[in-house]
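Down below is the structure, laid out as structure tokens.
Each value in this text was obtained by applying a stated rule to the coordinates, not by laboratory testing. The shown structure was predicted, so the numbers you read here are calculated from the model rather than taken from an experiment. Here the Cβ positions follow ideal geometry from the backbone for every residue, glycine too, while neighbour counts run over all protein chains shown.
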There are 2 protein chains.
Amino acid sequence: MRQNFDAAAYVQARQKLINNALAAEMERAGRTAPPGAGVERLLAAMEYSLLAGGKRLRPLLFLAALESIGQVEENELAAYLPFACGIEMLHTYSLIHDDLPAMDNDALRRGRPSCHKAFDEATAILAGDGLLTHCFCCLLAAGAPAERLVQAGRYFAWQAGIGGMVSGQALDIDAETAAEPLNLAGLRKIHASKTGALLESAIVCGGILAGADEAQKQALKEFGRQFGLAFQITDDILDVVGDEAKLGKPVGSDAANNKTTYVSLLGLAGAGQAAQAAMTAARDALEPLGESGRLLGALTDYYCRRDN
Amino acid sequence: MRQNFDAAAYVQARQKLINNALAAEMERAGRTAPPGAGVERLLAAMEYSLLAGGKRLRPLLFLAALESIGQVEENELAAYLPFACGIEMLHTYSLIHDDLPAMDNDALRRGRPSCHKAFDEATAILAGDGLLTHCFCCLLAAGAPAERLVQAGRYFAWQAGIGGMVSGQALDIDAETAAEPLNLAGLRKIHASKTGALLESAIVCGGILAGADEAQKQALKEFGRQFGLAFQITDDILDVVGDEAKLGKPVGSDAANNKTTYVSLLGLAGAGQAAQAAMTAARDALEPLGESGRLLGALTDYYCRRDN
């Protein structure tokens, strides 16, 4: 990593790589899918949600961990982009299904109609199923030793499923109907599985594909956990004090929806301190990685001091 | 394979292996899942649908192909049962999501309330997502060389997703609202992807894990295609002439729902001939496998001359 590292330029370059790879993968899949109007509609719905922009945070952190631990150069990243695409597909499916009427019933996503509004409910369910399934096609297509692909694929599936994200969504739904309001421990538990597990898993998988040893994997895991927490608290803060133009979405929606957040439980100043503490813990977790931790450290500052 | 092979006894023994492995896997997953009432409900919904019986046809054909091609003995099957469980989890998720109100809106499945009726819609969507995700955890946990797991996992994900099942469901939904009624070519196309791809893929994956060469994989693929067709036509016939007590479900539901089937397009006699032709083609496809094809041949007779 260069001394005069420009985090914004790095993020932009990696986002471009990821966006191009996602578009190419959907184009390739569409060419070999069974023909028919129903399939065209399905693929259109998948692309509508997948290629709608977004931070590409999870695949980007995967690449950053891979580059850091494996000393992988930019011109060698192509082999790993299928895995990065798979991660983003899984994230996108979770947004589509979360927005469904039976779930959070959100009509808008990233300032546009959500998938079931732009298409219909059946198509949105199928588009989510298709992205979730195709994720594993992509993960296993990366150019890495088969043993590492198997290890990373299993870890990722567990964190995205019963061991993390799907269970987190179940906890979140349950909390909404619970008699007792959420306390801080409950909120942390939901976030750790609903959003934290996938972030953490993307980072750890980057390490696994790079051949990380056990100590490095543990460091990445703890970093991912703290980074996820800092990122989430920052999200909650921006929903109160953010600039709508920069965020691209209305602020104050958490309060309007009576949602329990770090700000509602800790106040703005308390939430700011908690975010700072998690950022410090994330940086501390990188210590054992030495020089290899510098890129992830720089990205922590970049993402947790963001204004969108 | 012994001369006096008893297909019914083989099927029963393999079903028992699969059922025990599924129950054990859910128990194991439940022990390591995040704690909480929401997760307990999610796991209960997954188990409700997964452990509800059923033929276990797909994992059974996977095991049969594996045993045939790899000369794997019964006492060596344990290592491969995780893969078999993953296949059944994927099949079960597809049933749960197909039954949803936005899809086929079926209140009953295997004579009991379908998942969204026994629980609720959000839980059913999540239970399907959980089973689909956990499928890949299981597939990649099988005790086979990593290269074979990667190859089989990719193939399976493609056939279960854009390349097969999810696209087939999209074609099926589209056909229901189409102005033109389905003809035979259209019906075959939908079945080939909606149900055929997963059956075929289970069989081919058995071959891949057993180290099948290209010719053997091609033979298994063609066998799977023809077997799937024969099985589906037999299904359609039993819906007309079957014995409700043996089937465990009402007959005549296809006609009552105005569903296009092989019987509605070909008549009972024509459908019987088509099933027979597909069975013959399935047996022919096994020719290149020689002695290794005998088990799958016997199972073809067993399943396509069944009365439930």
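In debye, nearest 20: dipole of segment A:1-144 around its Cα centre with unit charges on the Cβ of K, R (+) and D, E (-)?
Result for segment A:1-144 is approximately 260 debye, rounded to the nearest 20.
Can you pull the semi-axes for chain B, root of five times each eigenvalue of the Cα gyration tensor, sorted largest first, whole Å?
Ellipsoid semi-axes (Å, largest first): 27, 27, 18.
Note down the nm distance, to one decimal, between modelled labels 7 Å out along Cα→Cβ at A:Glu74 and at A:Asn4.
Between A:Glu74 and A:Asn4, the simple spin-label model gives 1.5 nm.
To the nearest whole number, what is the average tally of beta carbon atoms from other chains within 10 Å of the beta carbons of peptide A:217-229?
Shielding by partners across A:217-229 averages 0.
Just which residue of chain B brings its Cβ nearest the axis of rotation onto chain A, and by how many angstrom, rounded whole?
Whole-Å result, nearest residue of chain B to the axis: B:Ala146, 2.
Whole angstrom only: what separates the Cα centroid of segment B:72-101 from the Cα centroid of segment A:214-231?
33 Å
Using a 7 Å offset from Cα along the direction of the beta-carbon, what are the separations from A:Gly267 to the same position in each other copy, nm, ascending?
Once sorted, the set of distances for A:Gly267 reads 8.5 nm.
Step by step: find N for segment A:268-308, compute 2.2 N^0.38 Å, then divide the Cα radius of gyration by it. What's the final number?
1.24
Treating the beta-carbon of each Lys and Arg as +1 and of each Asp and Glu as -1, no other charges, what is the dipole magnitude of chain B about its Cα centre, to the nearest 20 debye?
300 debye
Taking springs between alpha-carbon atoms closer than 10 angstrom, which of A:Asn20, A:Asn75, A:Asn105 fluctuates most in the Gaussian network model of chain A?
Looking only at A:Asn20, A:Asn75, A:Asn105, the largest GNM fluctuation is found for A:Asn75.
Report, in cubic angstrom per residue, the convex hull volume of the C-alpha atoms of segment B:155-286.
Per residue, the Cα convex hull of segment B:155-286 comes to 117 Å³.
If the label point is 7 Å along Cα→Cβ of B:Asn258, which residues in segment B:128-172 have backbone nitrogen under 19 Å from it?
Residues B:172 fall inside that zone.
Give the order of B:Ile18, A:Ile237, B:Ile87 when sorted by the count of other beta carbons within 10 angstrom, beginning with the fewest.
With the fewest neighbours first, B:Ile18, A:Ile237, B:Ile87 line up as A:Ile237, B:Ile18, B:Ile87.
Give me the Kirkwood hydrodynamic radius of the protein assembly as shown in Å, from all C-alpha pairs, to one decimal place?
Averaging 1/r across every pair of different Cα atoms and inverting gives 25.2 Å.
For the pairs A:Lys249/B:Lys117; A:Lys194/B:Lys249; B:Lys189/B:Lys249, flag any whose C-alpha to C-alpha distance is greater than 32 Å.
Listed pairs above 32 Å: A:Lys249/B:Lys117; A:Lys194/B:Lys249.
Which one of A:Lys221, A:Lys55, A:Lys246 has the biggest mean-square fluctuation once chain A is modelled by GNM with Cα springs under 10 Å?
Among A:Lys221, A:Lys55, A:Lys246, the largest mean-square fluctuation in the Gaussian network model of chain A belongs to A:Lys246.
For chain B, what does -39500 (n - 2.57) per DSSP helix run (n ≥ 4), summed and divided by total residues, give at 222 nm, in deg cm²/dmol to the nearest 500?
Computed mean residue ellipticity for chain B: -23000 deg cm²/dmol.
Inside 10 Å of the C-beta atoms of B:101-109, what's the mean count of C-beta atoms belonging to other chains?
The per-residue average across the peptide is 2.
Go through B:Ala118, A:Gln71, B:Leu60 and say which Cα lies farthest out towards the positive end of the charge dipole of the protein assembly as shown; charges sit on Cβ, +1 for Lys and Arg, -1 for Asp and Glu.
Selected residue: A:Gln71.
Fewest to most neighbouring Cβ within 10 Å: what's the order for A:Cys138, A:Cys115?
If I rank by nearby Cβ atoms, fewest first, I get A:Cys138, A:Cys115.
In nm to one decimal, list the spacings between the A:Thr280 label point and its equivalents in the other copies, with label points set 7 Å along Cα to Cβ, shortest first.
Output for A:Thr280: 8.1 nm, nearest copy listed first.
For segment A:222-307, just say rounded, prolate or oblate: build the C-alpha gyration tensor, square-root its eigenvalues into a ≥ b ≥ c, call rounded for a/c under 1.5, and beyond that prolate if a/b exceeds b/c, oblate if not.
The shape class here is prolate.
Suppose we keep just the alpha-carbon trace of segment A:8-139; what are its Rg and Dmax in angstrom?
15.2, 45
Work out the mean other chain Cβ neighbour count within 10 Å for the residues of A:118-128 and drop it here as an integer.
5
For the modelled label position 7 Å from the Cα of B:Asp106 along Cα-to-Cβ, which residues of segment B:238-256 have backbone nitrogen atoms closer than 16 Å?
B:238-240, B:247-256, by backbone N distance to the label point.
For chain A, return all DSSP H helices satisfying: extent of Cα atoms along own axis at least 18 Å; mean Kyte-Doolittle hydropathy at least 0.5.
A:37-50, A:57-70, A:121-139, A:262-286
Using a Debye calculation, one point per C-alpha and no hydration shell, please list log10 I(q)/I(0) for segment B:82-169 at q = 0.13, 0.20, 0.23, 0.26 Å⁻¹ in order.
Debye intensities relative to I(0), on a log10 scale: -0.46, -0.91, -1.08, -1.23.
Can you list, shortest first and in nm, the gaps between the label point of A:Ala23 and those of its counterparts in the other copies, using a point 7 Å from Cα in the C-beta direction?
Taking the point 7 Å beyond Cα along Cα→Cβ, the inter-copy spacings are 5.3 nm.
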